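The values are calculated or read from the model by the stated rules, or taken from the named source; none is laboratory data. Here the structure is a predicted model, which is why all the values come from computation and not from measurement. Neighbour counts run over all protein chains shown; Cβ positions are idealised from the backbone, glycine included.
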Amino acid sequence: MSVAETRTERSAGWNRPPAVEPEGEGELLEVAMGPHHPSTHGVFRMDVSLDGERVVRLKPVFGYLHRNHEKIAEGVAYLASMPYTDRLDYFCSLTNNWAYALAVEKLAGQEVPARAEYIRVILAELTRIQNHASTIGFLLQEMGASGTPLMYAFREREKILDLFESLTGSRMMCNYMRFGGCRVDLSSAWIEATKKVVAGLPAFVDEFEALLTGNEILMARCQGVGVLKPDLAVNAGISGPMLRASGVNYDLRKVDHYGIYDRFQFRVPLGDHGDIYDRYMVRVLEMRESIGILNQALQDIPLGPIMDAKAKLRGFRPKPGEAYGRIEAPKGELGFYLISDGGPNPYRYRVRPPSLINLTVLEDMCLGHNVADVVLIFGSVDIVLGEVDR
Amino acid sequence: MVDNELKIELGKQGILVTTIEELYNWGRRSSVWPMQFGLACCAIEMIATTMARYDLARFGAEVFRPSPRQADLMIVSGTVTKKMAPQVVRLYNQMAEPKYVIAMGACAISGGPFKQGYNVLKGIDRYIPVDVHIPGCPPRPEALIQAFMTLQKKIDGQPLTGEGRPRFLDADAQCEFPVPEQGAHDLEPPSNQGVWPVEIQGVGSRERRDIDGRQVSTDH
Amino acid sequence: MKTVEEIKAAIEAAVPGAGVTVVLNPSPSAQHSLRLEPAHALAVAAFLRDDPELAFDYLSNVTGVDWLDKEIAEKVKVTRQVTKTVDGPEGTKLEQVVDEIVEETRKHVEPGSLEAVYHLYSVALRHGPLVLRMRTVNRTDKVELPSLTPVWRAAELQEREVFDLYGIVFTGHPDLRRILMWDEFKDYPMRKDYVEPDDYEYEPTAHDAVLKRAQEHRSREQGSRD
Amino acid sequence: MLGEGIVKGMLETAKNFAGSFVSEDRLTTVEYPEQRIPTAENARVFPFLIYDGPDWHAGLRCVACQICEKECPPKCIYIEKSKDKKPDFVGKPQIYPARFDIDISVCMSCQICVEVCPFEAIKMDTEFELATGDRFGGLLLDCRELAKSNEYYHSIHPTEAAEVDARLAEEKKAAEAKAKAAAAAAAQKAAADAAAKAAAPKPGAPAAGGS
């Protein structure tokens, strides 16, 4: 492909990324990065046009993990979709459960008892911590720090997964939340074990920061790379740590007041520059805030029932209507849009995947950078292919 | 030939007696390098297996090779979609013999929970031969290690000559398999006739369990 | 946030002839929506984004819904003239034409359509959601809708997905290609009448829908063998 | 100073390295298969069927109601009802599963079958070492392979099993009480009928009150 061709293609579109002028006269080099590639983010392809080392065009190609989640969910009962949501963003099954449960609760008008809300908050924040730790580990892995940060992250993640397993029965696919509550109650032994793990987390974050935050190589590779401007971020529907790294104060835990997040004191970390380093820093600071929420929630958790008394497991048929419920998942705004026609299975079941929509601006962030930075920028978005393609 | 008891006795005395075959297979099974190739949820458990807690390196498999040319083992860790299947088969074809395949998790074996989807391949063994299957969704890291040991046992048991020898010692054996094409509605062909037993009635004693077996009453 | 009726009035004041209808949502979530005329959708969207009181600057979710052709049986009360024999005076019988109200079941096919649904929020004013909907004329050949990507970049990948899975053609979309399925793929798999390819050779635990399809596969295979 | 951050990071790794010689916490490797991580009590892998008593076939709690088959999200359970009946654990004749297959190559370990089962007949196993080379035979479990004793259930999920046993004992007691009450009522009714018959000599005449 020649340089002139890329230019016409771009002028046809509206509010497309600004054109990068190739230097020199040569032909562009086309590289297909993926779907099998050494980075750790799964089956994803980027068709990159290079002018020497510089990226002048980048087209993401999706669908290598399109598992028809929505189609399957429209054919089975509401409850039966719950274990499938685990497999959307397989790092954060519990927040996926929560988002789906929230949407169905909105659709059917169910109440959640206070204890169940506390359990949900505790599990969601634990999920957030292990997701952010692994994300940073993978980001560094892609930068070339092969092994060490990822090993530290996974060492901590294993402790949290052990908690998940002893409560829900499974390390990754928890299938724990139900419409109107949770499946099994916490034991006091579990709370004690969690307190112990949470008490060790600040030391882990400190260790992680000592290892990485001041590292000159990390700063050189990350600062000023992959900048995302706040107005574009909002217009492109970016959410989660990526939106906040661009300086937009929009955290659904504060905005939507879902669950019982109003009861906890926490701050929303914001970035200034919107580059990779800010995204890294926002995640580190969010881990610290999550530890704060966990400490408060573990302190205050009340006794009581964990299921709405009116909720029933089988034969659940919400009245006709529709609902859109969303939560602040570790990756961003995870929403579920359901249309009920009064039958046992949803007429329309839609997942609003934060990972997919955060990739809208991938090309904008990569243009003009070197090809080695593409993997890094991609890693800083924090995606999971199970959710991108569903 | 030295019989087994004598060999153990000699081993206790510090004398190692071995055959070429044993030595050769010992070397092969102790350095199976997997390909760094993750597909879905199971890939995370695969990564967890290589991390400090489970430490797959203890089995000589610490080096995850990014290139198929340098890898001996393909761990199909996750759902193979119809969009991805041609690439998986191509990667398998690019691997050099000896090569082995572990189908990790329900999706890789049979499509698993997603098998009723329009874009999910119902098991990677429709296109390439699989040596070890691990059920689970996802299997625990220990289960992957156990599958790895199962594979090592299989390698250990392979004779170097005659029936059952590994493919790379058999000049006639098929090492590459046709890559399916993406058609207008489905993959073409939908399965590789040489690998996937279309005649399910012919696969062992379980054939009566097929849908036709509904009328067949059980023995108890 | 303003109610949907107020937003509707604001839109109609700003975009004359916009033709917005309110679609009520009976579920407890009470997220009512506005149905837009495709012809004016872009102007309405730009107004919703730029109006300082509404400021819906954040497009959260775009999706498609497939509404099949529906056969609707309605009971209609019709007045019909019926000839009746009435007892006349002095024992005579009289034939009289009387108007009578009769219940009649009428069937008509409501044509199906493809619908695009947009969920809007405001980051600046922290309110939402506002649900917008647009419908195509039918499900077969007139499936064009205007793309809202020029107003919200967030729609770019999601409209591509709706095009891929439902076959709604978004005019004005900068890069409308298949996103999840491969390019050679012909069908629109999320439509309700999609028939999936037959690969039900081995179904040891088949029941319900799978059993039916597996049996179909088996009979077809036997047919081809004969 | 340039390089300070890198040195700080190196010190952290050095601390971890040296720490692994003195601190148990830093030695995370579990040398499977010689060592094992203790199985969590709630852990779940694949479902199994519970039987009471020594004979697996006679003691199977499952009554082939097919609820789990219907509710299973990936549809990996296949049940065929028996034509005859056998007594269940309370002695009531029940239909039993003539065939009960679980395709563990499809099962997603979601536990919904356990949640919906009204008879406490299906529970989750913790056995995960199931790797096999046999795709068609090794991964389709039939009734015999699925049936495991209640003692085994107690050994893997002690708390849960004790709760289930208590609940079942209560149900049994209630059922027995009900049966006894029914028998008593039947006896009473028979006596009353007899009395009524005696009171009314003419068979055709309406029983005058009976009381």
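Couple of notes before you dig in:
- Any hit, the stretch B:19-33, residues being closer than 19 Å to B:His133 by Cβ and over 16 Å from the mean Cα position of the chain (by Cα): no
- Meets criteria (of a type outside the set (Gly, Ala, Ser), in a helix (DSSP H, G or I), in contact (Cβ under 8 Å) with a residue 60 or more places away in the chain and under 15 Å from A:Tyr100 (Cα atoms)) for A:Glu328: no
- Residues in the stretch A:263-287 that are touching a residue at least 24 places away in the same chain (Cβ under 8 Å) and in a helix (DSSP H, G or I): A:Arg263, A:Ile276, A:Tyr277, A:Asp278, A:Arg279, A:Tyr280, A:Met281, A:Val282, A:Arg283, A:Val284, A:Glu286, A:Met287.
- Count of the stretch A:210-228 residues which are more than 14 Å from A:Leu139 (Cβ to Cβ) and without any contact (Cβ under 8 Å) to a residue 12 or more places away in the chain: 4
- Test: A:Ser380 is in contact (Cβ under 8 Å) with a residue 12 or more places away in the chain, in contact with a Cys (Cβ under 9 Å, 6 or more places away or on another chain) and hydroxyl-bearing (Ser, Thr, Tyr): yes
- Residues of the stretch C:95-110 that turn out to be within 22 Å of C:Asp69 (Cα to Cα) and polar (S, T, N, Q), as a count: 1
- Scanning the stretch A:175-217 for residues being under 23 Å from A:Thr95 (Cβ atoms), in contact with a helix residue (DSSP H, G or I) (Cβ under 8 Å, 6 or more places away or on another chain), among the polar types (S, T, N, Q) and within 11 Å of another protein chain (Cβ to nearest Cβ) gives a total of 1.
- The condition of being of a type in the set (A, V, I, L, M), over 25 Å from B:Thr49 (Cα atoms) and facing chain A (nearest Cβ under 10 Å) does not hold for D:Ile79.
- When the stretch A:234-250 is filtered for residues that are under 19 Å from A:Glu286 (Cα atoms) and touching a helix residue (DSSP H, G or I) at 6+ places or on another chain (Cβ under 7 Å), the ones remaining, listed by number, are A:Ile238, A:Ser239, A:Gly240, A:Pro241, A:Met242, A:Leu243, A:Arg244, A:Ala245, A:Ser246, A:Gly247, A:Val248, A:Tyr250.
- Matching residues, the stretch A:165-190, being surrounded by fewer than 18 Cβ atoms within 10 Å (Cβ to Cβ), not small (Gly, Ala, Ser) and not in a loop (DSSP other than H, G, I, E, B): A:Trp190
- Some residue of the stretch C:153-170 being surrounded by 18 or more Cβ atoms within 10 Å (Cβ to Cβ), among the basic types (Lys, Arg), more than 18 Å from C:Pro38 (Cα to Cα) and within 9 Å of chain A (Cβ to nearest Cβ): yes
- Meets criteria (more than 8 Å from chain A (Cβ to nearest Cβ), of a type in the set (A, V, I, L, M) and closer than 24 Å to A:Gly200 by Cα) for D:Val45: no
- Flag not set for C:Leu176, criterion: in a loop (DSSP other than H, G, I, E, B), crowded, with 23+ Cβ neighbours inside 10 Å and more than 8 Å from chain A (Cβ to nearest Cβ).
- Residue satisfying condition, being crowded, with 24+ Cβ neighbours inside 10 Å and modelled with pLDDT under 85, within set A:Gly63, A:Gly34, A:Gly52, A:Gly42: A:Gly42
- Residue in the stretch D:144-155 that is exposed (fewer than 15 other Cβ atoms within 10 Å of the Cβ), in a helix (DSSP H, G or I) and away from chain B (no Cβ under 14 Å) present: yes
- Looking at A:Glu111, A:Glu70, A:Glu105, just one residue is more than 10 Å from every other protein chain (Cβ to nearest Cβ), acidic (Asp, Glu) and in contact (Cβ under 8 Å) with a residue 40 or more places away in the chain, and that residue is A:Glu111.
- Each residue in the stretch A:65-89 was checked for being farther than 17 Å from B:Ala40 by Cβ, among the aliphatic types (A, V, I, L, M) and assigned to a loop (DSSP other than H, G, I, E, B), and 2 of them qualify.
- Hey, B:Lys115 of a type in the set (D, E, K, R) and away from chain A (no Cβ under 14 Å) or not: no
Per-residue answers, yes or no, for (1) in contact with a Phe, Trp or Tyr (Cβ under 7 Å, 6 or more places away or on another chain); (2) more than 19 Å from B:Thr50 (Cα to Cα); (3) within 14 Å of chain A (Cβ to nearest Cβ):
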site	(1), (2), (3)
B:Arg126	yes, yes, no
B:Arg140	yes, no, yes
B:Ile145	yes, no, no
B:Lys153	no, yes, no
B:Gly164	no, yes, no
B:Glu176	no, yes, no
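- With respect to the conditions (1) at pLDDT 90 or above; (2) farther than 30 Å from A:Gly200 by Cβ, A:Leu334 falls short on a single one, namely (2).
To keep it simple, each residue is scored yes or no on (1) surrounded by 10 or more Cβ atoms within 10 Å (Cβ to Cβ); (2) of a type outside the set (Val, Ile, Thr).
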| residue | (1), (2) |
| --- | --- |
| C:Glu103 | no, yes |
| C:Pro111 | yes, yes |
| C:Val117 | yes, no |
| C:Arg126 | yes, yes |
| C:Asp141 | no, yes |
| C:Pro146 | yes, yes |
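- In the stretch A:288-309, of all residues being among the acidic types (Asp, Glu) and part of a helix (DSSP H, G or I), the one that is nearest to the chain's Cα centre (by Cα) corresponds to A:Glu289.
- Those helices (runs of 4 or more DSSP H) of the stretch B:1-117 in which 2 or more residues are touching a Lys or Arg at 6+ places or on another chain (Cβ under 8 Å) occupy B:41-50, B:85-94, B:105-110.
- Residue match in the stretch D:88-107 (condition: within 13 Å of chain A (Cβ to nearest Cβ), in contact with an Asp or Glu (Cβ under 7 Å, 6 or more places away or on another chain) and either under 30 Å from B:Leu151 (Cβ atoms) or assigned to a strand (DSSP E or B) (or both)): no
- Residue within the stretch C:106-121 that is outside any strand (DSSP E or B), of a type in the set (Gly, Ala, Ser) and touching a strand residue (DSSP E or B) at 6+ places or on another chain (Cβ under 6 Å) present: yes
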